[in-house]
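The values are calculated or read from the model by the stated rules, or taken from the named source; none is laboratory data. Because the structure is predicted, anything quoted here is derived from the model rather than measured. Ideal geometry is used to build each Cβ from the backbone, glycine not excepted, and the neighbour counts take in all protein chains shown. What goes into the accessible areas is simple: the full protein's heavy atoms, side chains included, and nothing from ligands, DNA or RNA. Shrake-Rupley method; radii C 1.70, N 1.55, O 1.52, S 1.80 Å.
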Amino acid sequence: MEHAAVLKKMELFRGLDSLELVQVSKRVRHLKVRAGETVVREGEPGDSLFIVKAGRFRASTGAGAFPLALGTFEEADLFGELVLVDGGLRSATVEALSDGDLLELRRKDFEELLAHSTDLKVKLLQNLVKDLAGKLRRTNDQLAKLL
């Protein structure tokens, strides 16, 4: 599948074999995004994660004149995964800094992947925890620099 090359670079899909990557790539949807476009908005409901195929995206939190920049996302990065974990509202706003391409994986499709096989489920959940832990560590480092 055409999306397998970018999926293979991602922490979330590390260790998946070719057939498992095909299963994932069958379930993602391609989106074109223009510079300045908001992809997700803090506080809104969501049901999907996004994988950056091309372009640059910025995450920020806090409304008003002084939003807090949380980080940027580039090729093979992902964002929006928290709603797949807890079903809560979006924790940040993400906007495109450039024209770009995203792959969207909806909750329903993610759950189908988890149900596909126990081996795939374990790989995906272990990788998701590693990805989230890495983001938490980076956020902790940013907070420490602010204090």
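Counting only heavy atoms of protein chains, what accessible area per residue, in Å², does the stretch 63-108 have with a probe of 1.4 Å?
Accessible surface, normalised per residue, equals 50 Å².
Between E37 and E112, the FRET efficiency estimated from the beta carbon spacing at R0 = 35 angstrom works out to 0.80. Among the listed pairs K26/K135; K53/K135; K32/K135, those with a Cα-Cα distance over 21 Å are K26/K135; K32/K135.
Partners of K130 within straight-line reach, counting lysines whose Cα lies under 16 Å from its Cα and excluding those fewer than 8 residues away in the same chain: K8, K9, K121. For the chain, adding -39500 (n - 2.57) for each run of n ≥ 4 DSSP H residues and dividing by the number of residues yields -12500 deg cm²/dmol at 222 nm.
Counted residue by residue at 0.36 nm each, then reduced by the alpha carbon distance between them, the extension gain from D99 to K9 reaches 30.3 nm.
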